[in-house]
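Asks: Can you keep this structure in mind? I'll have questions shortly.
Any read-out appearing in this document is the output of simple, stated calculations on the displayed coordinates, not a laboratory observation. All of these numbers come straight from a predicted model, not from anything done at the bench. Backbone-built Cβ (ideal geometry, glycine too); neighbour counts: all protein chains shown.
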Amino acid sequence: MSFAQVHLDVPLQGPFDYRAGPHQVARGSIVVVPFRNKKLVGIVDCVSDVSLVEPRRLKQIESVFDLDPLPPSYFSLCRFVSQYYCARMGQALFLGLPTAVRRIDFLNRLTETVFTLSDRGIQEVPEHLTARTMGKRRLFDLLLAEGAVTLRQALLVYSNARVELAQWLAQGWANTLEQRQNVVSLKAPMPRLEEGEIKHINLTTPQRLAIETIVADLDMHQTWLLQGVTGSGKTEVYFEIMAKTLDLNRQVLVLVPEINLTPQFESRLRKRFPEHEIVTLNSSMTDKERYQAWSLARSGSASIVLGTRLAVFASLPQLGLIVVDEEHDLSYKQVEGVRYNARDLAIYVASQQKVPIVLGSATP
């Protein structure tokens, strides 16, 4: 019999012991467990063959999310937050999770209904299509070409698709299935400003010196302070160092102090690195957007992760560089709930991952 110690986001010191039952769990697994008279999402800290509590008194894990376990580096960061900022480990572990993952119906929220043509529909629907039913023709062609489509996709080709599909289901011409939503690239959906051509920028001597100095130590942890007044070209120094890091197939984490700075910075990043996947993480995103960005970051698919203070909790498997813009800004301090300074946490992450971190400021 296996037992799991699970951390919960509750006002009690954990972890709490549970029987693993038939579930395969490991450290970092995200699970649903019974707690008192309700169900909660929890994070497994460790799994063992013994428990200090009698097995008959223990409740059993109810389900396990179909997600890769959280990495050891995430536990290390959260342990530091818990100890340094006097927070419960359960609180710290949930800081970096998207809201969608904190819900017990997470798996249901990631499923969607898709429509497919039945064999009968493939044969009979064309017989009812005429020159006056072009919308139905587009809907049929879409289903025939794609195999399975969502209602949202169907509505893009035929505004009355909802009613038409209901009729096709009643006639036995179509079927419905429940399938898991795919995490897709965020390049296309993200709003982008007019890009234009990137102008060649002549670097100044101080800029070149800063770039050469930092790039020489990309394979080790160093904390660099890049001081320069507004308009002195700090961003261009960031970009040159980031380009060298990306050439090594490593990921870059960029922190900005305010949400309203994110669109402008993101636009510049997309112009400079159009071939790389760039995702943003901030509290203004929808649950789905944040979950997709979080997934792309932790899978290594996103080359650049841009965000506000909560982005410091993103788990980047190939992290190679951290940039903290305007490191002096007080917005990096979280003053509600679990209090922390994202700039200081970024320095801790860089030291643990043995990567360089660049702190930019006009007034350090």
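Asks: Pulled fully out, how much extra length does the chain show between Phe65 and Asp49, if you take 0.36 nm times their separation in residues and subtract their Cα-Cα distance?
Replies: 3.6 nm
Asks: Please report, to one decimal in angstroms, the Kirkwood hydrodynamic radius of the chain built from all distinct Cα-Cα pairs.
Replies: 23.5 Å
Asks: Provide the FRET efficiency to the nearest 0.05 for the Gln352-Val10 pair, computing r from the beta carbons and using R0 = 25 Å.
Replies: On the way: r = 27 Å, r/R0 = 1.10.
The pair Gln352/Val10 has a calculated efficiency of 0.35.
Asks: Need one number: nm distance between label points at Gln227 and Arg36, each 7 Å from Cα along Cα→Cβ, rounded to one decimal.
Replies: Modelled inter-label distance: 5.2 nm.
Asks: Please compute the length gained on full extension between Thr204 and Thr116, using 0.36 nm multiplied by the number of residues separating them and subtracting their Cα-Cα distance.
Replies: Length difference between fully extended and current span is 25.7 nm.
Asks: Here's a follow-up. Students often get this wrong: which residues of region 231-265 have the backbone nitrogen under 15 Å from the point 7 angstrom along Cα-to-C-beta of Thr363?
Replies: 231
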